[in-house]
1. What's the number of the condition residue 328 fails, among (1) assigned to a helix (DSSP H, G or I); (2) within 29 Å of the chain's Cα centre (by Cα)?
2. Within the range 470-497, take every residue that is of a type in the set (Ser, Thr, Tyr) and farther than 16 Å from residue 517 by Cβ and give me the one that is surrounded by the most Cβ atoms within 10 Å (Cβ to Cβ).
3. With the requirement that a residue be surrounded by fewer than 16 Cβ atoms within 10 Å (Cβ to Cβ) and touching a helix residue (DSSP H, G or I) at 6+ places or on another chain (Cβ under 6 Å), what does the range 609-623 give you?
4. Just checking, how many residues over the range 702-745 are of a type in the set (S, T, N, Q) and either within 50 Å of the chain's Cα centre (by Cα) or under 23 Å from residue 692 (Cα atoms) (or both)?
5. Out of the range 503-531, which residues are touching a helix residue (DSSP H, G or I) at 6+ places or on another chain (Cβ under 6 Å), in a loop (DSSP other than H, G, I, E, B) and either modelled with pLDDT of 95 or more or not hydrophobic (A, V, I, L, M, F, W, C) (or both)?
6. Return the residues of the range 31-75 that are surrounded by 17 or more Cβ atoms within 10 Å (Cβ to Cβ), free of Cβ contacts under 8 Å to residues at least 60 places away in the same chain and out of contact with any strand residue (DSSP E or B) (no Cβ under 7 Å at 6 or more places or on another chain); say none if nothing qualifies.
7. Please specify each residue of the range 181-203 satisfying the condition of being outside any loop (DSSP other than H, G, I, E, B) and either surrounded by fewer than 19 Cβ atoms within 10 Å (Cβ to Cβ) or under 39 Å from the mean Cα position of the chain (by Cα) (or both).
8. Strands (runs of 3 or more DSSP E) wholly in the range 15-122 with at least 1 residues that are within 29 Å of residue 199 (Cα to Cα) and of a type outside the set (Ser, Thr, Tyr) - which ones?
Amino acid sequence: MTDFLLELRSEEIPARMQDRARADLEKLFVAELEKAGLKAGGIVTYATPRRLTLIARDLPEATAALSEELKGPPADAPDAAVEGFLRKAGLTRDALETRDVKGRATLFAVIERAGRPTADLLAEAIPAIVRAFPWPKSMRWGAASVSTESLRWVRPLQGIVALFGDAVVDCEVAGIRSGRETMGHRFHHDGVVTIGSAQDYAEALRAAHVIVDQDERRAMIRARAAELASEAGLTLIEDEGLVAENAGLTEWPVPLIGRFDPAFLDVPPEVIQLTARVNQKYFVCADTDGKLANAFVCTANITASDGGAKIVEGNQKVLAARLSDARFFYDTDLKVPLEKQAEKLAKIVFHEKLGTVADKVDRVAKLARWLCEEGIVRPSPLPFRGGAGGGGVPQAGSPVGRPHPNPSPEGEGLSQEQLADLAERAARLCKADLVTGMVGEFPELQGLMGGYYAAAQGEHPAVAAAIRDHYKPVGQGDDVPTDPVTVAVSLADKLDTLMCFFAIGEKPTGSKDPFALRRAALSVIRSVLANNIRFSLDDSLETMTDVIASGRTDGERQARRDELDGILLNEIATGDAGLVWFFADRLKVQQREAGVRHDLIDAVFALGGEDDLVRLLARVHALQAFMGTEDGANLLAGYKRAANILKKEGGVPEGAGTNPSPAPAEAALIAALDAAEPLAAAAVAEERFGDAMAALASLRAPIDTFFTDVIVNDPDPAIRAARLALLARMRDAVHAVADFSRIEG
């Protein structure tokens, strides 16, 4: 068995493309091996800024000889059919065999294929891999680039190392011939590096100041950056994305620590971190109090003779210029009240069918106030403390935090009227920072900068916090807002987006969700459940359509509302589900990780009228616990048997009455239903879902005995009808808790 080495050397490969390129290289190589019937014992891939490498372990010296059989036409088939088969097989008529297939003489071709040297197959595979490589962006270069047929690569391809064992795999791609020579570090090594085989590849390049293993470079950066921060009495703010990016920019990484003017710390810490990270690829540090320190760690690509002093000095100058720009944006934005900034939103189109961002803000403000006035979002009984996402010790991979400006004072909770006023105020200002200079430079800071500006301009702390956090929760790991003002604005913003895009028919389809509606629905669900918000989705969405339809004449408004009701709340004639069903589908996704069965959510939701997400989920949890018991499993089996009988018999005959002389098992089931039905109904009404399941459990033994002792299809039509009616009653009693027909098992 022999190892194979392939290195494709080029000008700088963007760091963001390197991991995907390694995966693509392996995928293409494995596909070429499979064509030849080969499989490597193992494959490793490496990427640096200047090279993409694959090493395949334990390949055979040659492929095995193969014998292939092809079934042809019947022996008495027309000559044209036989000749066509001969052309396909590449044989003559006398080379065919005749075999009996189901009593008919049939022609067969037996083709012997000799084994081929693996090196020859690799020589054919390399050009195919290079030309088929799926770079996200690629280029042509040189004189050949005048033709669209010329080679495309991410950056100009400069060399190919291809070694099978210690022998060169001879091939050529666009005038670049393979060999065993590559280049070392651009500055630390002059001349070529000669590779003997795959075994000495990594060490030969290490001697030339190139560390080919991206994981090793990442570990070096991670460890040394943390060490430098620690030596300075600081803590490195961990950022794995930045580690990977710096590793993708360097072949010989050397982290260095520098400082910036502490006067810049007056700028919000998130701005400093983004300026350092996005523009310069620097790590930042926190002091012992968890606050941003005036220190950064950059990653050089060389070991400088002066220990990196000049490199640090240059980077400090560049960062100072960037931070000066950031401070200019911050100071300039602060001079303009958010109310004035918000006026500019009327010039920004939100969607061609939904008006401007100012139109959206108006809708969100009305919805936020309505959510508060209806008591859907209620004042917190505890003093307001700034909501979710406030300052503190920064978390790994997140912006450095610090206590938000003007934290709210201790005091009594808000009244419902105060809550509504503050929610509307926050909603009318929540998008104003979109037109600020800072957010224009760093879109990632939308909301956050609005919160800072609102606090600095004297807005109520609850308003500032709501502006800052109203986009939350954005992802699965994001904080869920808990302050009522923030919750109201966050829900209103996302509900408006969902309702409006559903209203114009822009629903997610398949894997496409250009307006992130699935994420918005998941965010609403997480906020509702985390804050125990009780409201009917159906009723609330229906009422909210009035807000969307406002601003029209009475006739237009009613027509628009009727249209929205049909789109949002009902099953449409096309079969598409409305928005309420969309929420149910997202709830199944959201609860999957918590181990909640999707069929049980369907079973509760399908009954209709159960669209209070908090109550629905409590009901599902009780149902799941019940279905995990023997009583639950047996009741489900009995239910399905009853449902199948009713379906087969076409339901309950019209005019069915009760059996005047019921069999003992029949009478026992009637008595059990008489006891269980009111208990289950009362328990559901009082949201004691565990008790409702216990009431259903009492039906298990009677229904089992009924099916054992009673013949439903009695010869007497009246008795038969009465027993079918009893089964229908049992089914309906179960349906008071959940639609068991939707439960799997």
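1. (2)
2. 486
3. Those that are surrounded by fewer than 16 Cβ atoms within 10 Å (Cβ to Cβ) and touching a helix residue (DSSP H, G or I) at 6+ places or on another chain (Cβ under 6 Å): none in the range 609-623.
4. Filtering the range 702-745 for residues of a type in the set (S, T, N, Q) gives 705, 708, 713, 741.
So of that shortlist, the ones also either within 50 Å of the chain's Cα centre (by Cα) or under 23 Å from residue 692 (Cα atoms) (or both) come out as 705, 741.
Number of matching residues: 2.
5. 508, 531
6. Listed by number, the list holds a single entry, 63.
7. 181, 183, 192, 193, 194, 198, 199, 200, 201, 202, 203 - these are the residues of the range 181-203 that are outside any loop (DSSP other than H, G, I, E, B) and either surrounded by fewer than 19 Cβ atoms within 10 Å (Cβ to Cβ) or under 39 Å from the mean Cα position of the chain (by Cα) (or both).
8. Of the strands (runs of 3 or more DSSP E) lying wholly inside the range 15-122, those with at least 1 residues that are within 29 Å of residue 199 (Cα to Cα) and of a type outside the set (Ser, Thr, Tyr) span 42-48, 51-59.
The values are calculated or read from the model by the stated rules, or taken from the named source; none is laboratory data. Note that this is a predicted model, so its numbers are computed, not measured. Using ideal geometry, Cβ is built from the backbone for each residue, glycine included, and neighbour counts are taken over all protein chains shown.
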